1. With a ≥ b ≥ c the root eigenvalues of the C-alpha gyration tensor of region 42-127, is it rounded (a/c under 1.5), prolate (a/b larger than b/c) or oblate?
2. Ranked by accessible surface with a 1.4 Å probe, highest first, in what order do VAL233, VAL139 come?
3. Can you work out the accessible area per residue across region 155-215, with the rest of the protein chains kept in place, probe 1.4 Å, in square angstrom?
4. How do LEU184, LEU203 rank by accessible surface area computed with a 1.4 Å probe, from largest to smallest?
5. Once you sort the root eigenvalues of the Cα gyration tensor of region 76-233 as a ≥ b ≥ c, which label holds: rounded (a/c under 1.5), prolate (a/b larger than b/c) or oblate (the other case)?
6. Among rounded, prolate and oblate, which fits region 171-233 when a ≥ b ≥ c are the square roots of the eigenvalues of its C-alpha gyration tensor, a/c under 1.5 means rounded, and a/b larger than b/c means prolate?
7. Carbon and sulfur atoms: what percent of the 1.4 Å accessible area of region 77-214 do they account for?
Amino acid sequence: MSTEKSVPIDESHARWMNIDNGDGKPYGDGRTEKSNKPSSLEPENTSLLDGNIYDPTMLANIPWSQESQAKFKPGISPTSPGVGLVLRPLRIEDDQKGFLTLLAMLTSVGHVSAEDFRNQFEVMAMCPNSYYVTVIEDVEQGRVVGCATLIVEYKFIHSAGTRGRIEDVVVSDAYRGRQLGKLLLETLTLMGRHNVGCYKMSLECKDSLIKFYEQFGYEKDPGNNYLQQRFKV
Ligand SMILES: CC(C)(COP(=O)(O)OP(=O)(O)OC[C@H]1O[C@@H](n2cnc3c(N)ncnc32)[C@H](O)[C@@H]1OP(=O)(O)O)[C@@H](O)C(=O)NCCC(=O)NCCS
């Protein structure tokens with residue numbers, strides 16, 4: 001089992017985090033005051049991953065047959081998700097393949113330009129071992145038809161452990177009921193537990209979906225509550 005706890009801050013990371021580079025001057029990163037985001041991030045980071053948001057070999061190393069909790073009938077897996085389908089990391093061109101349209105079936109997406117998408121993608125790709133945005137593509141159609149994200153948080157507590165959160169789970173209307181939601185959830189849960197080494201994983205959902213998530217081992221945590229506040233941005 002490989003755990004990926006140690007995350008060195010490389011130079012490009014340091015640059016956009018504005019960390020002192022050793023000569024007493026902070027790196028200039030081209031951020032604008034308005035967005036507080038880098039306007040252009042180093043492309044070598046995403047090219048290292050060949051346009052993927054994380055290393056695709058992660059998906060081949062999931063202990064699927066030994067550890068899968070949900071039942072799949074017929075049997076599918078991360079490497080065999082079904083005829084004409086592929087399960088893979090989000091790619092830098094996936095806004096052209098309906099990724100944002102898919103997310104709009106979950107919640108409000110708002111206006112996201114091609115540049116916004118690319119910037120956000122690169123910010124995530126530059127946080128190593130943190131954003132496992134995973135999609136299912138219908139290869140014949142060239143469309144992204146399902147997605148879910150494992151986000152990994154790095155802690156000082158729990159022996160400098162990592163915890164995982166599942167976010168943004170959605171399967172396109174026309175593809176529902178084909179076990180793709182289950183495939184995404186089981187894949188990311190196993191990845192978080194076994195490949196990343198999370199001590200805890202969690203998600204938020206409506207009452208009607210509790211049963212759906214219980215099949216992967218998630219349980220309600222009595223006495224603990226989910227609190228939130230929203231801001232106009
Ligand atoms: C929830 C969702 C991702 C499930 O995807 P899917 O590919 O249709 O699900 P699967 O085919 O893998 O379904 C597997 C099982 O979950 C059950 N299930 C699916 N959607 C469900 C729902 N909305 N409520 C309760 N159970 C549900 C199915 O009945 C099925 O049960 P079975 O295995 O006992 O037959 C999909 O319905 C969806 O995208 N919904 C809209 C977005 C959303 O609500 N996302 C979750 C945010 S927390």
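The values are calculated or read from the model by the stated rules, or taken from the named source; none is laboratory data. Just so you know, these numbers come straight off a predicted model, no measurement behind them. Note: accessible area is taken over every heavy atom of the protein model, side chains too, but ligands, DNA and RNA are not part of it. Shrake-Rupley method; radii C 1.70, N 1.55, O 1.52, S 1.80 Å.
1. Working: a/c = 2.52, a/b = 1.50, b/c = 1.68.
It comes out oblate by the Cα gyration axes.
2. VAL233, VAL139
3. Working: 3130 Å² over 61 residues.
Result: 51 Å² per residue.
4. Numbers: LEU184 0, LEU203 45 Å².
So, going from the largest accessible area down, we get LEU203, LEU184.
5. rounded
6. oblate
7. Details: 3280 of 6480 Å².
The computed percentage sits at 51.
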